[in-house]
Every structure is written in C-alpha cells, then in structure tokens.
Amino acid sequence: MSIESDARFWDKLSGKYAKHAISDPAGYERTLDCTRKYLTPQSRVLELGCGTGSTALRLAGDVKSYLATDVSPAMISIARSKQAEQPIPGLTFESGTAETVGETGFDAVLGFNFLHLVRDLPGTLRRIHALLKDDGVFISKTPCVGDMNVSIRLAIPVMQAIGKAPHVCVLRGAELGDTIAQAGFRIIKSESHAAKGNEPRPYIVARKI
C-alpha cells in the first residue's frame, strides 16, 4: 500500500463520506470552540486531512487565510463544491499531504481524525513542526485505535485485506503525546472531547519549541 492507494481508497469513499452525519455533534462543537481560542483574525491556518471541508468551512471565516488539504482529490472536489455555495474569503482547498505543502510560517496547523491515518507519524510530525512559525500551534484530535476494543483492533487487518479499510496506525493515547513532544512540541492542552461513551480520541494542543 502507498499514498497513492490511500488516495484511491478515499476517492471511492468520498461520496458516502460527504453524506455521513457527525457521530458525536456535541464533542465536535466542543472541538471547534476550543480550537477557535487559539486562532485570531490574523492567523494563517493549515488543515491536513480536511476531508470534504466541513471543519474548514466552520473555522475559515475567523482567520486571515485557511489552506485545507486532503490526500483525496475527490474529497477536495466535494469541498470546493461546498465552498462555491458558501464562499469564504481566504479559504483554499488543495489536494496533497503535509509533505507537498509549499508554504511555511503557519500560525496553526490542524489535524482532526488525521494522525492515525499517516504512514510515517514521526516524519509527518517533524514536517508539521517545520510548517509552523516559531511558537505556532499544532492542534489535533485523534482516534487511538490501540485503546479501543480488541475486536476492533483485530477486525482492521481483515478489512484492509479486502479493501474495506485504509492504512491505520494503531496508536495509544499514552504514547501519542510523547510522540508529538519528540517532534519538537510542548503539550499545552490534552483532554477528551467525547460527549458520549468512553471514546479514546484525545484533543491535543501542542506549541512549537
């Protein structure tokens, strides 16, 4: 499997993904509210793994510029269709990854439901560090598959073998913060934003040092 195969997987899923309702609306709204506290009208923001643009469309109006990227061209096409119906100055959607972003000096990099899908987590975190300006923040919310029910962990390789699941990094919450810190960040907030159940999906704000 490769980045190209990841893109094909999400391209095929894009239509269904766009129609899927947010599973935890209260938790999602809390994530947006907390994230806004780290953004200003002068912020330059990069979002990685933006999907079909729902979060970008909610946050981009609060900042100076907002570049939203995703590995899937089909996801980006849907996001641009949404943007055409809801134009926001300074919002741009592009297909790509952290490694293909040409700009640097961002005030904030966002990655929601993203880190568990990257193939080289330490490398991607180092790249995010390089994309940020000094003292910039990386804000993430990540499903920690390693902390989920064992039946879920066992099902993932089977689903991958039949093309029903993408590449997934089996992260544990206890190690996620350490891995982010090792890439040159200081964790300034770590909390759960799950509004129902005991979902292992930590919300982390990390400042570049």
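Counting Lys and Arg as +1 and Asp and Glu as -1 over every other residue whose Cβ lies under 14 Å from the Cβ of Ile3, the net charge comes to -3. Counting heavy atoms of the protein chains alone, Glu94 has an accessible area of about 80 Å² for a 1.4 Å probe.
With all protein chains present, how much of the accessible area of the chain (probe radius 1.4 Å) comes from carbon and sulfur, to the nearest whole percent?
On the way: 5470 of 10200 Å².
Exposed carbon and sulfur together represent 54 percent of the surface.
Comparing Gly51, Gly15, Gly136 in a Gaussian network model of the chain where C-alpha atoms under 10 Å apart are linked, the largest mean-square fluctuation is found at Gly15. Rounded to the nearest 20, the size of the Cβ-charge dipole of the range 31-133 about its Cα centre is 160 debye, with Lys and Arg at +1 and Asp and Glu at -1. Picking from Phe112, Phe138, Ile187, whose Cα lies most toward the positive end of the charge dipole for the chain (charges on Cβ: Lys, Arg +1; Asp, Glu -1)? Checking the options against the dipole of the chain, the answer is Phe112.
Placing +1 on the Cβ of every Lys and Arg and -1 on the Cβ of every Asp and Glu, with no other charges, gives the chain a dipole of roughly 240 debye about its Cα centre.
For the chain, the 222 nm mean residue ellipticity estimated from helices alone, with every DSSP H stretch of n ≥ 4 adding -39500 (n - 2.57) and the total spread over all residues, rounds to -12000 deg cm²/dmol.
Extension gain for Arg126 to Glu191 (0.36 nm times residue separation, less C-alpha to C-alpha distance): 21.1 nm. A crude spin-label estimate for the pair Val170 and Asn113, with each label 7 Å from Cα along the Cβ direction, gives 2.3 nm. Under 10 Å, Cα contacts only: if you run a Gaussian network model on the chain, which one of Thr179, Thr124, Thr31 comes out with the highest mean-square fluctuation? Most flexible of the set in this elastic network: Thr179.
The values are calculated or read from the model by the stated rules, or taken from the named source; none is laboratory data. Given the structure is predicted, the values throughout are model-derived calculations rather than measurements. Reconstructed Cβ throughout: ideal geometry from the backbone, glycine too, with neighbour counts over all protein chains shown. Just so you know, the surface numbers come from the protein's heavy atoms only, side chains and all, with ligands and any DNA or RNA stripped out. Shrake-Rupley method; radii C 1.70, N 1.55, O 1.52, S 1.80 Å.
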